[in-house]
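The values are calculated or read from the model by the stated rules, or taken from the named source; none is laboratory data. Here the structure is a predicted model, which is why all the values come from computation and not from measurement. Cβ placement follows ideal geometry from the backbone for every residue including glycine, while neighbour counts extend to all protein chains displayed. Surface accessibility is based on the protein's heavy atoms, side chains included, excluding ligands, DNA and RNA. Shrake-Rupley method; radii C 1.70, N 1.55, O 1.52, S 1.80 Å.
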Amino acid sequence: MTTELDPDPDDFDFADPATDQSFENALAKARDGTRLSVDDATELLATGTDTDGIDPVRKEAVLELADRRRAETVGDEVTFVANLNNNVTTACNTGCLFCNFKDSAHAFEADSDVEHAGFTKPPAESRAIVEDALEMGIYEVCSVSGLHPAFALNAEHHEILESYDDPASEVNYKPPEAYATDPGTYLEQMEAMSVGGVHLHSMTPEEAYHAKRGTDWEYEAVYRELSAVGLDSAPGTAAEILVDEVRDVICPGKIRTDDWVAAMEGATAAGLDVTSTMMYGHVETVEHRAKHLEVIRDLQDRTGGITEFVPLSFIHENTPLYRRGVVDAGPSRDEDELVVAVARLFLDNVDHVQASWVKSGDAHGLKLLSCGADDFMGTILSEEITKRAGGEYGEYRSFDDYVEMIAAIGRVPAERSTDYRTRRRIDPDDGPHGPQLGPRADGTPMLQDGRAGDDGEPASADD
């Protein structure tokens, strides 16, 4: 196992995948609608483990089959949501090697003279940001934040953490007064962001673990308490690759696979919808990707609470994995396409698969919609995580952009709610287009002329 401080690519050597299955048999099973095994998925992701590299003819066969399955399962709509990202803090001590979003929490302390570009927003600021975005028509706020040592679930949690002999080292805790800005409690942040009928999508499994660290509380109890103050659904991020030998390399300080699953089970037991993700294209093999998909499918068999699967292509620039020579690139576009396609074929109990224009750009994102994906993310009035890691594709997408792009590939643009239970098909010829599902939305475009920044890009929601 590598350390989070000094990873060495020679410290791990994952064997090349090999299975007892053949690509042809795996493809035939997928064509027949038979539930796929990990070996099947491994063969499809590799376009056959019997040869090196991705075979273009085999790849196209997988993509064509996945696109057909998408049409049979969810039809020709391509959905998107009017949403805001409000990440509360970049302060974090977890040390994940794929991340450049975080800043060392020490830099945020009141007596620190360390310069950093990070931020912590108190609850009142979070509320103001959401209120402003509601006026623009959004109806979902997604909040995923660093694990600030002063973050606790509630006042009782602060007392428990303070009772440790050495809380900083034992439970990653320092009191709010140690920091220049108090992040408040998780309950205070959730309540602040849950205003005006907005759908609050927050509290990853890692954040839920942080909100119960040092206690014997169950995940279900934590999520119920968060739900009581306004949390509506939970993102299944912090998943990365749900195989512990991979997590030992890329995020040794993060929760294990079993804990991630337990948190998601706790959220669904508390009555919340959840999403699922996979961050791929770093040190893992295609077999690891297949095993990850199996974890997701098994979880959905037990809970039925997963609304979508979101493949996240690893953006390598500016990350510790890249700077320290552990990886030299992220995944290829062929790999992106196969991950989406095999997810569609393997996850027979998850209806929706997302394509990411943030990770891939417009042209390739649209290609992924022909590989089995049916959702195209959201307006994302602020997107900091991918941008800080080196992503190149911006942080805002207008309804007119969506309608034009989706119509151009012959699909049907549709505005959706976070849970997919409400949809509104959009007529491309009836523009300009804006959200109508939000509590304050009336179809007006979200950003008008004159509200963009000097560089022509929309101003961040944090401005």
### Helical contribution to [θ] at 222 nm, DSSP H n ≥ 4, -39,500 (n - 2.57), averaged over the chain, rounded to 500
-10500 deg cm²/dmol
### Summary
Of all lysine pairs in the chain that are eight or more residues apart or on different chains, those with Cα atoms under 27 Å apart total 28
### Task
Can you grab the distance from the C-alpha centre of the range 154-182 to the C-alpha centre of the range 234-295, Å, no decimals?
27
### Query
Running Debye on the range 34-78 with equal point scatterers at the Cα sites and no solvent, what base-10 log of I(q)/I(0) appears at q = 0.31 Å⁻¹?
-1.08
### Task
Would you kindly calculate the translational diffusion coefficient of the range 182-224, applying Stokes-Einstein with the Kirkwood radius from alpha carbon pairs, for 4 °C and a viscosity of 1.567 mPa s, and quote it in µm² s⁻¹ without decimals?
114
## Note on the structure
All alpha-carbon distances of the range 170-310, grouped into 5 Å bins from 0, give the whole-percent distribution 2, 10, 19, 20, 19, 15, 10, 4, 1, 0
### Message
How large a share of the accessible area of the chain, in percent, is made up of carbon and sulfur atoms when the probe is 1.4 Å and the other protein chains stay in place?
### Response
43
### Message
Output needed: Cys residues of the chain lacking any neighbouring Cys C-beta below 4.7 Å, sorted by number.
### Response
C92, C142, C371
### Task
Could you point to the label whose value was computed as Cα extents along the principal axes in Å for the structure here, given (i) 67, 53, 51; (ii) 169, 51, 48; (iii) 62, 57, 42?
(iii)
### Task
Give the peptides 184-197, 242-255 in descending order of average Cβ contacts within 10 Å, highest first.
184-197, 242-255
### Task
Quick one, could you list the DSSP H helices from the chain stretching 24 Å or more along their long axis (Cα atoms) with average Kyte-Doolittle hydropathy of -1.0 or above?
56-74
### Summary
Taking a ≥ b ≥ c as the square roots of the Cα gyration tensor eigenvalues, with a/c under 1.5 meaning rounded and otherwise prolate when a/b beats b/c or oblate if not, the range 58-202 comes out prolate
## Note on the structure
Cα-based Rg/(2.2 N^0.38 Å) for the range 103-163, rounded to two decimals, is 1.43
### Query
Sorted by accessible area (1.4 Å probe), largest first, how do I409, I138 line up?
I409, I138
